[in-house]
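Structure, as C-alpha cells:
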Amino acid sequence: MKQMTCAQMGGPATCDHMITGNTAQEMADNGTAHVMEAHPEMAEDMKKMTPEDSAKWMAEFQPKFDAQPEM
C-alpha cells in the first residue's frame, strides 16, 4: 500500500489529508471520493472531465504513484 497527500495528488496545496491505495487506480478512486466530500468546488471541475482528460490525468499520476514508497 502507498500513500500520498491530497495536495500531492493535485488537490488544494493546503490539504494534507492522506490518501492510500494498493494501485494507482485505487488511490485515484480514494482521492476522488475525498475530493467529492471535502472540496466541492474542485469536485465540480472533476465532473466536467472527459474520458480523454481522465486518461491524461492517470497517465501523469501513474509515475508519481510508482515513485512512492510502500507503507
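The values are calculated or read from the model by the stated rules, or taken from the named source; none is laboratory data. Computed from a prediction, not measured in an experiment: that's the story for all the values here. Don't worry about glycine lacking a Cβ; one is built from the backbone with ideal geometry, like all the others, and counts go over all protein chains shown. For the accessible areas, the whole protein counts, side chains as well, though only heavy atoms, and no ligand, DNA or RNA atoms are used. Shrake-Rupley method; radii C 1.70, N 1.55, O 1.52, S 1.80 Å.
Just to be sure, is Asn30 farther than 20 Å from Ala55 by Cβ and polar (S, T, N, Q)?
Working: farther than 20 Å from Ala55 by Cβ: no; polar (S, T, N, Q): yes.
For Asn30, the condition - farther than 20 Å from Ala55 by Cβ and polar (S, T, N, Q) - is not met.
Does Glu70 meet the test of being outside any helix (DSSP H, G or I), among the charged types (D, E, K, R) and exposed (fewer than 12 other Cβ atoms within 10 Å of the Cβ)?
Numbers: outside any helix (DSSP H, G or I): yes; among the charged types (D, E, K, R): yes; exposed (fewer than 12 other Cβ atoms within 10 Å of the Cβ): yes.
So Glu70 fits the description; yes.
State all residues of the range 1-38 that are more than 14 Å from Trp57 (Cα to Cα), open to solvent by less than 30 Å² (accessible area, probe 1.4 Å) and part of a helix (DSSP H, G or I); if no residue qualifies, say none.
Residues satisfying the conditions are His34, Val35.
Looking at the range 39-67 only, could you name the residues that are open to solvent by less than 50 Å² (accessible area, probe 1.4 Å) and assigned to a helix (DSSP H, G or I)? Before the answer, list the steps.
Within the range 39-67, the subset open to solvent by less than 50 Å² (accessible area, probe 1.4 Å) is 39, 43, 58, 61, 65.
Residues satisfying the conditions are Ala43, Met58, Phe61, Phe65.
Report, ordered by the first and then the second residue, all pairs with beta carbons closer than 8 Å, sequence separation of six or more or different chains, a first member in the range 1-25 that is under 11 Å from Lys64 (Cβ atoms), and a second member that is among the acidic types (Asp, Glu).
Lys2/Glu70; Ala24/Asp66
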